[in-house]
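What follows is a short report on a single structure.
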Amino acid sequence: MATEDTYELNIGPQHPSTHGVFRIKVAMNGETIEDLDMIVGYLHRSMEKLSEERTFTQNIPFTDRADYLAAMSNNLGYCLAIEKIADVIPPQRATVLRVIFAELQRIASHAMANGTLVSDAGAWQTPLMYMFREREKILDLFEMTCGARLTTNYMRIGGVAFEPPDEFYAQLNSLLGELPDRVDEYMEMLSENEIFIARTKNVGIITPEDAINASLSGPALRGSGVPWDLRKAEPYCGYEDYDFEIPVGNIGDSYDRFMVRLFEVKESVKIIKQALNILPKGMHKTQIPLALRPEPDQVYFRTEGPRGELGYFVITDGGPAPYRMHIRAPSFINLSLLKKLATGSSLPDAVVTLGSIDIVVGEIDR
Amino acid sequence: MVSLEAYLLVASILFAIGLFIALGKRNLISIVMGIEIMLNAINLVAISFARYGSMFDNQIDALAGHVLVIFILTVAAAEAAIALALCVLVYRHFNTINVSDMTS
Amino acid sequence: MIKKFFSNTLFIKLSIGFATLIFLFAGYFISKLLFDLSVFSEFIFNFFLERFSYNLAYLASSIIGALGIISFVGLVLLIGSWVERRVIARFQIRVGPNRVGPFGLLQPLADAIKLMQKEVLVPDIADKLLFLIPPVAIFLPAILAWGPIPWGPNMSYLDINVGILYVFAVSSLTVPIIFFAGWSSMNHYALLGSMRTVAMMVSYEIPVSLSLLSVALVTGTLNFNEIVMWQSNNSIWLGLFIPFALFTFFFASTAEINRTPNDIAEAESEIVAGYHIEYSGMKAGLFMAVELGNAVLLGALISSLFLNGWFLFGIENLVPPYIIFITKTVFIYLLLIWLRATFPRFRLDQLMNFAWKTLIPASIIHFFVVAIEVSIISNFSEIPYLIVLFTVINISLVVLLAYLWGKIFHVQQYQPEKIQPRFAASIGGLEAMKEVSSID
Amino acid sequence: MIEVNIYNAAFLLFSMITLLSAIGVAVINSLMRSLFLLIISFIGVASLFVLLSADFIAIAQLLIYAGSISILLLFAVMLTPEVSINNQNSKYFLFAALTGILFTYIMFLFISIFDINQLTGLSLDKLNFSNTIDKIGTLLLGKYIIAFELASILLLFALIGAISIVRSNESDFNIVATKIKGKK
């Protein structure tokens, strides 16, 4: 890879801005990246193979560990896939609760993504800490409900595991009241900051054609100006009943991806408010057989996770465990464009681009 | 008070070392370094004569040696820039800056 | 009963009041006693001169003065890192170090002990000699540059006529040291960091020198004491008279000492730690200590060159002047911490462009403007308040130019409403996706 | 016999630093290490200038030699990688050493026959000036103004020349090279 004019540099597996154990082998000419190889697999835990040995319910904790920053969304995607293949219909209350938790998780995940992006651009962790403030409150809500902050394991096939306690709603309402102000605060702090604009504007531009050809999804796709959101395109969990907008970027640079995430937080707040209004009374879970044995079939179910299209492809053979399960990890697919984006750019720009694509290594390696 | 002799001694030894480096090294950059050391020795001589000279009537003339050193510094900076640019150019062409390799 | 009294809030208030009174009285007497520290060094000098030779007296007084400066710098390094971490923690809605000692004050000490216990790793392919020298050698310029700083009247260690040039020359010695640190590590990150440092420092030395040149031009001297005296004689702060020089010096110096927003030499998110990536234990700690010391040194330089040193509207007659000087220094240091806690980092090419295409031409033009003003002032010295007039003109010019610069170059280009995301509904919903052509 | 005082001790120390590090530059085989020693030698010479009460020149030496020319050398070394790291002697080094020793010997002879009594430096003490900067400035912009202007032009040309030499592409170089060969 390295030629006579270049030298080799290993970004990672231990590097502050690869967000985990992810390695990029770069051929550099001075400060310019000439060529790069992405090497994944340092966090591989072979979830997809392991899940063939466990029952459908036992597989839910694995999905927590795939995208460990968006455990709720991953739970949701998996449970919806299994419910579709096993013809389980969750009660209405469970569906609305799922929407609330998935959107809360989206806010938490976007806060983390934007905070680390600003840290990658060189801010000394102050915006990260600010964004952690909201994330902490959301994680508190998770802990109150299901006892865990990060690996929630909350969704079940046919509903959710627990009913949220009474004080949950009060705290959630106060959080929803202050979140739009917080988002405005970040916009004030960063979106008009000269240095931040200089670092992210026109850096790592993804054209809409490239984005679609590389099968990008999530904020990385919408930052390029392509209005594609599975919550609108293929609604699940009754998303068609909620009134919300899809923010899309202008030219597809890192700044646009950052701003799309900030705007999506506001939209998620709107969704949660509506969901709280229509939250019906009733059961939070249906009774399903202890060992669920769906008919031999295959299903691909996709949901809109915080990082994009999160798909679960499950094949069953009539047994209590999936015959084969595959996770379409949005980070992994979004990452595939990094080589094109970073080649020819400088090292700091590549770092910002990587941060704006927002990868989670647990999901890439599974 | 050290006498002028001591300074001249130090300067001449320094000059000799610079001469040895400039003549006896293979590397072009080393040769430039040797020349810089020689210029340093000359500066030392000029300044020590300016300090110990007794033929001056007024203050201005006593500092003529300092002015000489300033000009030497200027020339040294210019010379270093040009010489090192030439080194880089020679390296690009011959892929070496070894003097004895270039003659063959 | 007694126990109840001691837990009474009234008792606590009373004792706090007494303590404050005692503290004020003690502070008054101590400040009277320690008003001019140069008395002590003179006493030592005379003591040795009477009993021993001149040489010994000279040596003793110079060593004592150097020890004074070194102990101050050591104190700064000990408290400074605590201050920095604590203040940045406040910015980041955290508490900061609060476990070791009262308010966590002993945290730097604990850190130092921890760093000393750590193993010093030397890479196998490193140039061992050059690898081991820089962490120690980098202290030399950092300490030496404190020499001509005027702490108060009669209180500068090196009262030399080339003070500004001396500080400038000595601080330029850090460049090769940092380069050798990076090169000898035989690590690509370290090499990148050291080459970045060298390129940055060489570029930003020019604006620094030009701003210092305009200071020398206005005051007509290179001596720190005389610069401070000039400001108090003309009752104007140089930072107000030539605000652009202050800005240039401040910005370029942050680039020279690797502080945010210009800390690209050790950008931790890009090249991890830059030139000191391979250093471990106390050797890395030394590099960080020098960085902190340099930040405080920058504060001292700015407060003596631009903020009138130890003078503060007559307060210098009441409290010891060096206290005022240190207060100003700490103020600048806090400003640096504020910058560090707030801003992201520039990119290397952006900084280089700014230095060569904006800062250096602007500094040269500014230098000419200052030269014209100074010649006018010296030729019409009978007119009063000419300096004040030019101060007003200079400040308004700088503000106007900054406003115009922002107006022309950036705000137009990046108007917030133009670069904000749109909503999908406004561009036709999901149907708009079909307009994206040429899908293979 | 030389008197023991601060001045003499400082002279001994600084001249030892200068000479030993210069010898190190000549002896050590690693170019980077010899560059490091060269910087120390420059600093030693600057310290000797301080002893000779030339404060401005000492600072200028520090700025230009230790701060700038060393950086230029560093850049040159970094732009000519790998092959340039060694600092070995050429086959002429015996000849060079002989030349150096001969030169030193001749200088010894000169110094020994020099009538040193005229040059005591005491008369300069009588001139009694504390500040060399303004005097040097007066000289540079008065008596030596033409030389000063010429020096500035020389610097400018050197700057432009260095840039144009390094930036020139291979074909330009070939022209220059053929001209040089033709002269041979």
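Can you find a residue in region C:17-31 that is under 30 Å from the mean Cα position of the chain (by Cα) and buried (at least 16 other Cβ atoms within 10 Å of the Cβ)?
no
All but one of (1) among the aliphatic types (A, V, I, L, M); (2) closer than 30 Å to C:GLU226 by Cα; (3) surrounded by 18 or more Cβ atoms within 10 Å (Cβ to Cβ) hold for C:ALA126; which doesn't?
Only one criterion in (1) among the aliphatic types (A, V, I, L, M); (2) closer than 30 Å to C:GLU226 by Cα; (3) surrounded by 18 or more Cβ atoms within 10 Å (Cβ to Cβ) is unmet by C:ALA126, namely (2).
Where residues in region D:160-170 are closer than 15 Å to B:VAL88 by Cα and in a helix (DSSP H, G or I), which of them is modelled with the lowest pLDDT?
Going residue by residue through region D:160-170, those that are closer than 15 Å to B:VAL88 by Cα are D:161-170.
Subsequent filtering for residues that are in a helix (DSSP H, G or I) retains D:161-167, D:170.
Details: D:GLY161: 84, D:ALA162: 82, D:ILE163: 81, D:SER164: 81, D:ILE165: 77, D:VAL166: 75, D:ARG167: 73, D:GLU170: 53.
Applying the filter and picking the extreme gives D:GLU170.
Kindly indicate whether any position in region A:241-258 is surrounded by fewer than 16 Cβ atoms within 10 Å (Cβ to Cβ), within 13 Å of chain C (Cβ to nearest Cβ), out of contact with any helix residue (DSSP H, G or I) (no Cβ under 6 Å at 6 or more places or on another chain) and part of a helix (DSSP H, G or I).
Going through region A:241-258, the residues surrounded by fewer than 16 Cβ atoms within 10 Å (Cβ to Cβ) turn out to be A:241, A:243.
From what is left, the residues that are within 13 Å of chain C (Cβ to nearest Cβ) are A:243.
Of the ones still in play, those that are also out of contact with any helix residue (DSSP H, G or I) (no Cβ under 6 Å at 6 or more places or on another chain) are A:243.
Retained after the next criterion (residues that are part of a helix (DSSP H, G or I)): none.
No - not one qualifying residue is present in region A:241-258.
Here is a yes/no grid of residues against (1) at the interface with chain D (Cβ under 7 Å from one of its Cβ atoms); (2) at pLDDT 85 or above; (3) in a helix (DSSP H, G or I):
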position: B:GLU5; (1), (2), (3): yes, no, yes
position: B:VAL10; (1), (2), (3): yes, yes, yes
position: B:MET33; (1), (2), (3): yes, yes, yes
position: B:ILE37; (1), (2), (3): yes, yes, yes
position: B:PHE49; (1), (2), (3): no, no, yes
position: B:GLU79; (1), (2), (3): no, yes, yes
position: B:VAL90; (1), (2), (3): no, no, yes
position: B:SER100; (1), (2), (3): yes, no, yes
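Mind counting the residues in region D:14-45 that are more than 8 Å from chain B (Cβ to nearest Cβ), closer than 26 Å to C:PHE131 by Cβ and out of contact with any Pro (no Cβ under 7 Å at 6 or more places or on another chain)? First the steps, then the outcome.
So in region D:14-45, the residues more than 8 Å from chain B (Cβ to nearest Cβ) come out as D:14, D:16-17, D:20-21, D:24, D:27-30, D:32-33, D:36-37, D:39-40, D:43-44.
Going one step further and asking which of them are closer than 26 Å to C:PHE131 by Cβ, we end up with D:16-17, D:20-21, D:24, D:27-30, D:32-33, D:36-37, D:39-40, D:43-44.
Okay, now just the ones that are also out of contact with any Pro (no Cβ under 7 Å at 6 or more places or on another chain), so D:16-17, D:20-21, D:24, D:27-30, D:32-33, D:36-37, D:40, D:43-44.
Number of matching residues: 16.
Could you tell me whether D:PHE56 is assigned by TED's automatic domain parsing to the domain that holds D:SER90, free of Cβ contacts under 8 Å to residues at least 24 places away in the same chain and either of a type in the set (Ser, Thr, Tyr) or under 23 Å from C:SER209 (Cα atoms) (or both)? I'd like the intermediate steps shown before the answer.
Working: assigned by TED's automatic domain parsing to the domain that holds D:SER90: yes; free of Cβ contacts under 8 Å to residues at least 24 places away in the same chain: no; either of a type in the set (Ser, Thr, Tyr) or under 23 Å from C:SER209 (Cα atoms) (or both): yes.
When the stated conditions are applied, D:PHE56 does not pass them.
Among (1) in a strand (DSSP E or B); (2) at positive phi, where does A:GLY282 come up short?
(1)
I'd like to know if region C:307-314 contains one or more residues that are small (Gly, Ala, Ser) and either assigned to a helix (DSSP H, G or I) or in the same structural domain as C:ARG85 (by TED's automatic domain parsing) (or both). Can you show your working first?
The first filter runs over region C:307-314 and keeps only residues small (Gly, Ala, Ser), leaving C:309, C:314.
Now restrict to residues that are either assigned to a helix (DSSP H, G or I) or in the same structural domain as C:ARG85 (by TED's automatic domain parsing) (or both): none.
Checking region C:307-314: not a single residue is small (Gly, Ala, Ser) and either assigned to a helix (DSSP H, G or I) or in the same structural domain as C:ARG85 (by TED's automatic domain parsing) (or both).
Looking only at residues that are closer than 16 Å to C:LEU210 by Cβ and of a type outside the set (Val, Ile, Thr) in region C:364-385, which one is farthest from the chain's Cα centre (by Cα)? Lay out the reasoning, then the answer.
First, the residues of region C:364-385 that are closer than 16 Å to C:LEU210 by Cβ: C:364-374.
Retained after the next criterion (residues that are of a type outside the set (Val, Ile, Thr)): C:366-368, C:371, C:373.
Details: C:HIS366: 23, C:PHE367: 23, C:PHE368: 27, C:ALA371: 27, C:GLU373: 29 Å.
Ranking the qualifying residues of region C:364-385, first place goes to C:GLU373.
Scan region A:146-168 and tell me whether some residue there is surrounded by fewer than 17 Cβ atoms within 10 Å (Cβ to Cβ), touching a helix residue (DSSP H, G or I) at 6+ places or on another chain (Cβ under 6 Å) and either closer than 30 Å to C:LEU348 by Cα or of a type in the set (A, V, I, L, M, F, W, C) (or both).
yes
What about A:LEU43, is it exposed (fewer than 15 other Cβ atoms within 10 Å of the Cβ) and either farther than 30 Å from A:ALA111 by Cα or modelled with pLDDT of 85 or more (or both)?
Details: exposed (fewer than 15 other Cβ atoms within 10 Å of the Cβ): no; either farther than 30 Å from A:ALA111 by Cα or modelled with pLDDT of 85 or more (or both): yes.
No, not satisfied.
I'm trying to understand the selection: among the residues of region A:176-230, which are in contact (Cβ under 8 Å) with a residue 12 or more places away in the chain, part of a loop (DSSP other than H, G, I, E, B) and either within 25 Å of C:ASP349 (Cα to Cα) or aliphatic (A, V, I, L, M) (or both)?
Passing the criteria: A:LYS201, A:ASN202, A:VAL203, A:GLY204, A:ILE205, A:ILE206, A:THR207, A:ALA214, A:LEU216, A:VAL226.
Taking C:ASP159 as meeting all but one of (1) farther than 27 Å from D:ASP55 by Cα; (2) of a type in the set (D, E, K, R); (3) surrounded by fewer than 17 Cβ atoms within 10 Å (Cβ to Cβ), write down the number of the exception.
It fails just one condition, (1).
From C:GLU291, C:GLU268, grab the single residue that is under 23 Å from C:SER184 (Cα atoms), within 13 Å of the chain's Cα centre (by Cα) and in the same structural domain as C:TYR189 (by TED's automatic domain parsing). Explain how you work it out, then say what you get.
Details: C:GLU268 fails: within 13 Å of the chain's Cα centre (by Cα).
Just one listed residue meets the conditions, C:GLU291.
Counting only residues that are modelled with pLDDT of 85 or more and surrounded by fewer than 23 Cβ atoms within 10 Å (Cβ to Cβ), give me the helices (runs of 4 or more DSSP H) lying completely in region C:190-272 with at least 3 of them.
Numbers: elements: C:224-233, C:238-241, C:243-256.
Ranges flagged: C:224-233, C:243-256.
I'm checking my understanding of the structure. Among residues of region C:147-177 that are more than 11 Å from every other protein chain (Cβ to nearest Cβ) and closer than 18 Å to C:LEU292 by Cα, which one is farthest from the chain's Cα centre (by Cα)?
Looking at residues that are more than 11 Å from every other protein chain (Cβ to nearest Cβ) and closer than 18 Å to C:LEU292 by Cα, I get C:GLY147.
Name the pairs: first residue in region D:141-153 and over 10 Å from B:VAL67 (Cβ atoms), second residue exposed (fewer than 11 other Cβ atoms within 10 Å of the Cβ), Cβ to Cβ under 6 Å, at least 6 apart or on different chains?
Note: no pairs meet the criteria.
Could you check region C:69-97 and list, in sequence order, the residues that are β-branched (Val, Ile, Thr), under 14 Å from A:GLN125 (Cβ atoms) and in contact (Cβ under 8 Å) with a residue 24 or more places away in the chain? Please lay out each step first, then the result.
Let us first name the residues in region C:69-97 that are β-branched (Val, Ile, Thr), namely C:69-70, C:73, C:76, C:79, C:83, C:87-88, C:93, C:95.
Pick out the ones that are also under 14 Å from A:GLN125 (Cβ atoms) and you get C:87-88, C:93.
Those that are β-branched (Val, Ile, Thr), under 14 Å from A:GLN125 (Cβ atoms) and in contact (Cβ under 8 Å) with a residue 24 or more places away in the chain: C:VAL87, C:ILE88.
Could you please let me know if C:GLY274 is over 30 Å from A:GLN125 (Cα atoms) and in contact (Cβ under 8 Å) with a residue 24 or more places away in the chain?
Taking the combined requirement at face value, the residue does not satisfy it.
Could you please let me know if D:ILE71 is away from chain C (no Cβ under 13 Å) and more than 13 Å from the chain's Cα centre (by Cα)? First the steps, then the outcome.
On the way: away from chain C (no Cβ under 13 Å): no; more than 13 Å from the chain's Cα centre (by Cα): yes.
In short, no.
Counting only residues that are outside any loop (DSSP other than H, G, I, E, B) and either of a type in the set (Val, Ile, Thr) or at negative phi (or both), how many does region A:298-344 have? Lay out the reasoning, then the answer.
So in region A:298-344, the residues outside any loop (DSSP other than H, G, I, E, B) come out as A:298-305, A:308-316, A:324-328, A:330-335, A:338-342.
Keeping just the survivors that are either of a type in the set (Val, Ile, Thr) or at negative phi (or both) gives A:298-305, A:309-316, A:324-328, A:330-335, A:338-342.
Count: 32.
Restricting attention to region A:47-99, which residues are among the acidic types (Asp, Glu) and within 22 Å of A:ARG231 (Cα to Cα)?
Across region A:47-99, the qualifying residues are A:ASP64, A:ASP67, A:GLU83, A:ASP87.
I'm told C:GLN350 meets every condition in (1) at the interface with chain A (Cβ under 10 Å from one of its Cβ atoms); (2) crowded, with 22+ Cβ neighbours inside 10 Å except one. Can you identify the failing condition by its number?
Every condition holds for C:GLN350 apart from (2).
Just a yes or no: is a residue in region C:134-146 at pLDDT 85 or above, within 14 Å of chain D (Cβ to nearest Cβ) and in a loop (DSSP other than H, G, I, E, B)?
For region C:134-146, residues at pLDDT 85 or above, within 14 Å of chain D (Cβ to nearest Cβ) and in a loop (DSSP other than H, G, I, E, B): present.
The values are calculated or read from the model by the stated rules, or taken from the named source; none is laboratory data. Quick caveat: nothing in here was measured; it's all calculated off a predicted structure. Counting neighbours? That spans all protein chains shown, and the Cβs are built from the backbone with ideal geometry, glycine included.
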